[in-house]
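Student: Structure below; questions to follow.
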Amino acid sequence: MQGSASVAETSFFKINSQGTPLDDTEEMLLRNRRKPIAIGARAILRSGTGHKYWSAFEPSLQKQIENSAEELFKLLFEPEVDQPIKTLDLPLGGSVSPVDALSLLIEFLSIANSTQTDTKNISAYEDDATGEETANILKRAIEVTRRITGNDKGSLGLHPAVYFYNERGKHSRFLFLGMVTLITSKLRNNDKEFFRRFTLARRKLEPFLIENKSLVGILLQNMSKRTRVSKMRDLIEFLVANFSADQEVRIEQAIEHLGARGRVYDITTAAQNASFSEEAKSAMYVKRAVAAAISCDLCGGLLDPQKSVSYDHIVRVRDGGKGDAENGDLTHPYCNQSLKN
């Protein structure tokens, strides 16, 4: 880990320098290659395999890093989806292309490891000489991600098509990172009540997000990049507060809460020819598939059963309920294990 960049890393950047200039992410990673955020991001992208930027650490920490990275890769980037979209089994983190994914992962790991008052820039971390900080960073990232998806009892089972993709089936890093910021802050503050309120809000929250996807996209375009993640966090928290109290929210109220002014119109670009574009095909599929998707009977939110599902006894076992299909239902893990109990 000490000294100059590895042969593989140096070669990569030399090849780039001959033709294409280094983009911001590549340059930042080269400067900060010994930082735990950089090591963790690369480990996740490689699913804990390939060139090991963590090879100088103790074997037990190497294994811990590799196991955590493999789990995070599966949670965030599987399955890889082609365009046009023909499935709602969408990756939470969007594209696995190196530049896009590394940029997202750096922000994701920084947010998931933020403190009460600060989200540290990658360069603000000390070089990781032992691997302990990289392992801890990945561990905290797993805790946040398992709240978003997976089969742990605390998992909200958020459907990517509802929360992290626009109406054309394109992943939005700002929606994703906004939710990561919100979940991280609630876990950090041990705010168990928020997760209960979020679940109570889902029956109204998710239809609102689906109906207003294009308007949210327009809002994002009119915000500075610096504020987009925090604004999406604020939007979700505002909607949860109102919907969990059984209050209605108009899109104009949400826009005003975000500090925007003026009217926002739902404008889409007209097709220029008779052939369907890849985006148009994806939009058609997403609209039909989301409308037909199964939902959780306890909260009304959409289920993503490929990633996150719990099997609920309608009549509880302690009350004599049996394990037959007629006494079962599909729910979110949190709804079954936490809200219901």
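The values are calculated or read from the model by the stated rules, or taken from the named source; none is laboratory data. What you see is a predicted model, and the numbers here were worked out from it, not measured in a lab. Ideal geometry is used to build each Cβ from the backbone, glycine not excepted, and the neighbour counts take in all protein chains shown. Calculation scope for accessible area: heavy atoms of the full protein, side chains included, ligands and nucleic acids excluded. Shrake-Rupley method; radii C 1.70, N 1.55, O 1.52, S 1.80 Å.
Student: Working only within the range 237-256, note down all residues that are within 16 Å of residue 183 (Cβ to Cβ) and either modelled with pLDDT under 95 or open to solvent by less than 20 Å² (accessible area, probe 1.4 Å) (or both).
Tutor: Selection gives 239, 240.
Student: Turning to a different aspect of this structure: Whether any residue in the range 185-202 is closer than 30 Å to residue 280 by Cβ and in contact with a helix residue (DSSP H, G or I) (Cβ under 9 Å, 6 or more places away or on another chain) is what I want to check. Give the steps one after another, and end with the answer.
Tutor: We begin by selecting, within the range 185-202, every residue closer than 30 Å to residue 280 by Cβ; these are 202.
Right, trim to in contact with a helix residue (DSSP H, G or I) (Cβ under 9 Å, 6 or more places away or on another chain) and you get 202.
Yes; the residues of the range 185-202 include at least one that is closer than 30 Å to residue 280 by Cβ and in contact with a helix residue (DSSP H, G or I) (Cβ under 9 Å, 6 or more places away or on another chain).
Student: Take the conditions under 17 Å from the mean Cα position of the chain (by Cα) and modelled with pLDDT of 95 or more and apply them to residue 161. Does it pass?
Tutor: On the way: under 17 Å from the mean Cα position of the chain (by Cα): yes; modelled with pLDDT of 95 or more: yes.
It is true that residue 161 is under 17 Å from the mean Cα position of the chain (by Cα) and modelled with pLDDT of 95 or more.
Student: Here is a further query. Given the conditions (1) open to solvent by 10 Å² or more (accessible area, probe 1.4 Å); (2) in contact with an Asp or Glu (Cβ under 7 Å, 6 or more places away or on another chain); (3) among the hydrophobic types (A, V, I, L, M, F, W, C), report the number of the one that residue 162 does not fulfil.
Tutor: Condition (1) is where residue 162 drops out.
Student: Looking at the range 286-299, is at least one residue open to solvent by less than 20 Å² (accessible area, probe 1.4 Å), under 19 Å from residue 146 (Cβ atoms) and either touching a residue at least 60 places away in the same chain (Cβ under 8 Å) or hydroxyl-bearing (Ser, Thr, Tyr) (or both)?
Tutor: Scanning the range 286-299 turns up at least one residue that is open to solvent by less than 20 Å² (accessible area, probe 1.4 Å), under 19 Å from residue 146 (Cβ atoms) and either touching a residue at least 60 places away in the same chain (Cβ under 8 Å) or hydroxyl-bearing (Ser, Thr, Tyr) (or both).
Student: Looking only at the range 307-341, which residues are surrounded by fewer than 13 Cβ atoms within 10 Å (Cβ to Cβ) and either assigned to a loop (DSSP other than H, G, I, E, B) or in contact with a Gly (Cβ under 7 Å, 6 or more places away or on another chain) (or both)? Reasoning before the result, please.
Tutor: Initial filter on the range 307-341 (surrounded by fewer than 13 Cβ atoms within 10 Å (Cβ to Cβ)): 311, 314-320, 322-326, 341.
311, 314, 315, 316, 320, 322, 323, 324, 341, listed by residue number.
Student: Residues in the range 130-141: is at least one in a loop (DSSP other than H, G, I, E, B), modelled with pLDDT under 95 and open to solvent by 10 Å² or more (accessible area, probe 1.4 Å)?
Tutor: No, that holds for no residue.
Student: Residue 174 is checked against (1) touching a Pro at 6+ places or on another chain (Cβ under 7 Å); (2) among the aromatic types (Phe, Trp, Tyr); (3) open to solvent by 20 Å² or more (accessible area, probe 1.4 Å) and fails just one. What number does that condition carry?
Tutor: (1)
Student: Looking at (1) farther than 23 Å from residue 75 by Cα; (2) buried (at least 19 other Cβ atoms within 10 Å of the Cβ), which is the only condition residue 179 fails?
Tutor: Residue 179 satisfies all of (1) farther than 23 Å from residue 75 by Cα; (2) buried (at least 19 other Cβ atoms within 10 Å of the Cβ) except (1).
Student: Follow-up. Name the helices (runs of 4 or more DSSP H) wholly inside the range 1-116 in which the number of residues that are open to solvent by less than 80 Å² (accessible area, probe 1.4 Å) and at pLDDT 90 or above is 2 or more. Give the derivation first.
Tutor: Numbers: elements: 7-18, 24-31, 36-45, 59-77, 98-112.
Correct list: 36-45, 59-77, 98-112.
Student: Going through the range 135-170 one residue at a time, which ones are hydroxyl-bearing (Ser, Thr, Tyr) and more than 24 Å from residue 53 (Cα to Cα)? Don't jump to the end; show me each part of the working.
Tutor: Narrowing the range 135-170 to residues hydroxyl-bearing (Ser, Thr, Tyr): 145, 149, 155, 163, 165.
Answer for the range 135-170, where residues must be hydroxyl-bearing (Ser, Thr, Tyr) and more than 24 Å from residue 53 (Cα to Cα): 149, 155, 163, 165.
Student: Related question: Considering the range 224-236 alone, what residues qualify as being under 18 Å from residue 202 (Cα atoms) and open to solvent by 60 Å² or more (accessible area, probe 1.4 Å)? Lay out the reasoning, then the answer.
Tutor: Narrowing the range 224-236 to residues under 18 Å from residue 202 (Cα atoms): 232-236.
233 - this is the single residue of the range 224-236 that is under 18 Å from residue 202 (Cα atoms) and open to solvent by 60 Å² or more (accessible area, probe 1.4 Å).
Student: I'd like the full set of residues that are assigned to a loop (DSSP other than H, G, I, E, B) and either open to solvent by 20 Å² or more (accessible area, probe 1.4 Å) or without any contact (Cβ under 8 Å) to a residue 60 or more places away in the chain (or both), limited to the range 117-129.
Tutor: Narrowing the range 117-129 to residues assigned to a loop (DSSP other than H, G, I, E, B): 117-121, 125-129.
Listed by number, the residues that qualify are 117, 118, 119, 120, 121, 126, 127, 129.
Student: Does the range 102-122 contain at least one residue that is among the small types (Gly, Ala, Ser) and either in contact with a Phe, Trp or Tyr (Cβ under 8 Å, 6 or more places away or on another chain) or over 23 Å from residue 175 (Cα atoms) (or both)? If you could, list the steps in order and put the result at the bottom.
Tutor: Here is the first cut: in the range 102-122, the ones among the small types (Gly, Ala, Ser) are 103, 110, 112, 114.
Still in the list and also either in contact with a Phe, Trp or Tyr (Cβ under 8 Å, 6 or more places away or on another chain) or over 23 Å from residue 175 (Cα atoms) (or both): none.
No, because not a single residue in the range 102-122 is among the small types (Gly, Ala, Ser) and either in contact with a Phe, Trp or Tyr (Cβ under 8 Å, 6 or more places away or on another chain) or over 23 Å from residue 175 (Cα atoms) (or both).
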